[in-house]
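J.: Provided herewith is a single structure, encoded as structure tokens, for subsequent inquiry.
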Amino acid sequence: MPHKAVLFDLDGTLLDTLSDIGAAVNRVLAGKGFPAHELDVYRYFVGDGSAMLINRALPKEKRTDDVIRTCLAAYLEDYGRNWNVMTKPYEGIPEMLDALNDRGLKMAILSNKNHELAKRCTKELLSNWNFEVVIGQRNGVPPKPDPAGALEVAKRLNLPPVDFLYMGDSGVDMKTAVASGMFPVGVLWGFRSMGELRDNGSLALINRPSEILSLLD
């Protein structure tokens, strides 16, 4: 059955956001008197939402509810002002999106990023393309890898999950695709490793955005 839609993760898949995320968290940590981290460490901190990002970045002995809550609020405020200093689409993403649009595929985004920030990033950096649904992490809705968000996208696009390619850069994304009945495509230019993608259910791995087109033939 030919696929009719592509559901994308955002950070590490469409947009290279790591520098701005890491810088914002490090500013919060420094402001609270906690040690900062090297940028590359944030590859393994992101992916499970902002609260978990802050939890992982804090020293273990400081991970109390109050400290996490305070640092999370500071991070969301800082990142909301500075999210687009370095952030940009990965090389080849615009051309891939053009090609998918030309083929008439429906496109959507599902992220564990704060919902309003996910919509803002999409609107400001990916406005040339029509993403019919953009969903970030919202109160009362379980984050990925729970399939609820992916299934909501399928319902809103009036397509069965089997019609979707799911494109993401982490094990969380691959688990989400498997749980929702979508075809899991792991991207190798993002934040996580080939091994993580394979171990969590990827059925295809791609090195460049344009390679997704071969999965549609």
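The values are calculated or read from the model by the stated rules, or taken from the named source; none is laboratory data. These figures come from a predicted structure and were not determined experimentally. As a convention, Cβ positions derive from the backbone with ideal geometry for all residues, glycine included, and neighbour counts pool all protein chains shown. All accessible areas refer to the heavy atoms of the entire protein, side chains included, with ligands and DNA or RNA removed. Shrake-Rupley method; radii C 1.70, N 1.55, O 1.52, S 1.80 Å.
J.: Which value, in Å², gives the accessible area per residue of the chain when a 1.4 Å probe is used on the protein heavy atoms?
T.: It amounts to 46 Å² per residue over the chain.
J.: Oh, and also: Hey, any idea what the orientation-averaged projected area of the convex hull of region 52-172's Cα atoms comes to, in nm²?
T.: The directionally averaged projection comes out at 8.9 nm².
J.: Work out the FRET efficiency for Leu188 and Val141 from their Cβ-Cβ distance, taking R0 = 25 Å, and round it to the nearest 0.05.
T.: Result of the calculation: an efficiency of 0.30.
J.: Taking the Cα centre of the chain as the origin, how large is its charge dipole in debye, to the nearest 20, when only Lys and Arg (+1) and Asp and Glu (-1) carry charge on their Cβ atoms? Walk me through the numbers on the way to the answer.
T.: Values: 25 positive and 28 negative charges, 104 e Å.
With Lys and Arg at +1 and Asp and Glu at -1, about 500 debye.
J.: Let me ask something else about it. Could you tell me the largest-minus-smallest coordinate of the C-alpha atoms of the chain on each of the three principal axes, in descending order and whole angstroms?
T.: Over the chain, Cα extents along the principal axes are 54, 31, 30 Å.
J.: What's the magnitude of the charge dipole for region 21-69 around its Cα centre, counting Lys and Arg as +1 and Asp and Glu as -1 at the beta-carbon? Answer in Debye, nearest 20.
T.: In debye, rounded to 20, region 21-69 gives about 80.
J.: Oh, and also: Among Ala24, Asn101, Leu157, which residue has its Cα furthest toward the positive end of the charge dipole of the chain, with +1 on Lys/Arg Cβ and -1 on Asp/Glu Cβ?
T.: Ala24
J.: In the chain, once you exclude exposed trypsin sites (Lys or Arg not before Pro) (DSSP loop, at most 16 other Cβ within 10 angstrom), what's the longest stretch remaining?
T.: So the longest stretch without any such site is 139-217.
J.: Counting other Cβ atoms within 10 Å, which chymotrypsin sites (Phe, Trp or Tyr not before Pro) in region 78-129 have at most 16 and lie in a DSSP loop?
T.: Within region 78-129, the qualifying chymotrypsin sites (Phe, Trp or Tyr not before Pro) (loop, at most 16 other Cβ atoms within 10 Å) are Trp129.
J.: How much length is gained on full extension from Ala36 to Ala99, taking 0.36 nm per residue of separation minus their Cα-Cα distance?
T.: The Ala36-Ala99 span can extend by a further 18.6 nm.
J.: Please report the carbon-and-sulfur percent of the accessible area for region 100-191; probe 1.4 Å, protein heavy atoms only, DNA, RNA and ligands left out.
T.: Solvent-exposed carbon and sulfur of region 100-191 make up 47 percent of the total.
J.: Describe numerically, in nm with one decimal, the distance between label points set 7 Å from Cα along Cα→Cβ at Leu216 and at Asp65.
T.: Once both label points are built, they end up 4.8 nm from each other.
J.: If you fit an axis through the alpha-carbon atoms of helix 93-102 and take the longest principal axis of the Cα set of the chain, what angle between them do you get, 0 to 90°, nearest 10?
T.: Around 30 degrees separate the two axes.
J.: Continuing with the same structure: Test of understanding: what is the full-extension gain from Ala148 to Asn130, defined as 0.36 nm times their sequence separation minus their Cα-Cα distance? Intermediate values should be presented prior to the final figure.
T.: Values: separation 18, 0.36 × 18 = 6.48 nm, distance 2.22 nm.
Contour length minus Cα-Cα distance gives 4.3 nm.
J.: Could you pull out every residue, at least 5 positions away or on a different chain, whose amide H is within less than 5 Å of the one on Asn114? Hs are placed 1.01 Å off N in the peptide plane, and Pro or chain starts have none.
T.: Ser50, Gln137
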